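Nothing in this text is a laboratory measurement; each read-out follows from the coordinates by a stated rule. All figures in this text were calculated on a predicted structure; none of them were measured in a lab. Methodologically, a virtual Cβ is constructed for each residue, glycine included, from the backbone with ideal geometry; neighbour enumeration extends over all protein chains shown.
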């Protein structure tokens, strides 16, 4: 009985860790005619890294910046390349909702982008600016660990 309890506990801990640390990738498509813009967008990081995702208007693509999680085991830190969390470019206050938004540097052009925290925040197509940007259900979703 004790072995069963320990097994169930371990499975529960692993499941919780997977939910906390797992990232999700989606294929997105604008349904507005004639736009049809498509892109893959990834939210979250993995077990060993964290990630910020946003859209760079200069590069005209979704970009991400990642860094090593602080709480990874020391032996992994010693073996691998540890990326520190990047410093943001700055912050702005959004008067429409009262939120403070952090501005990050695009890894390609170093221009500014704002973090998109979750899929539900991505409502408008970055190409045509119409509210018809949605998950493309004909393509698979991606789980990142």
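Listing 124, 55, 27 from fewest to most neighbouring C-beta atoms within 10 Å gives 124, 27, 55. In segment 91-138, the alpha-carbon atoms span a convex hull of 126 Å³ per residue. Measuring nothing but how far apart in sequence close Cα pairs (under 8 Å, 6+ apart) lie, relative to its length, segment 2-144 scores a relative contact order of 27 percent.
In terms of the Cα gyration tensor, with a ≥ b ≥ c the square roots of its eigenvalues, is segment 25-65 rounded because a/c is under 1.5, prolate because a/b exceeds b/c, or oblate? Since a/c reaches 1.5 but b/c is at least a/b, the shape of segment 25-65 is classed as oblate. Roughly speaking, what % of Cα-Cα pairs in segment 2-144 are separated by over 21 Å, rounded to a whole number? I get 55 percent for the Cα pairs in segment 2-144 exceeding 21 Å. Legend: calculated FRET efficiency, residue 142 to residue 96, from the Cβ-Cβ distance at R0 = 35 Å, rounded to 0.05, equals 0.65.
Across segment 105-144, the residues whose backbone nitrogen lies under 12 Å from the label position 7 Å along the beta-carbon direction of residue 60 are 127-128.
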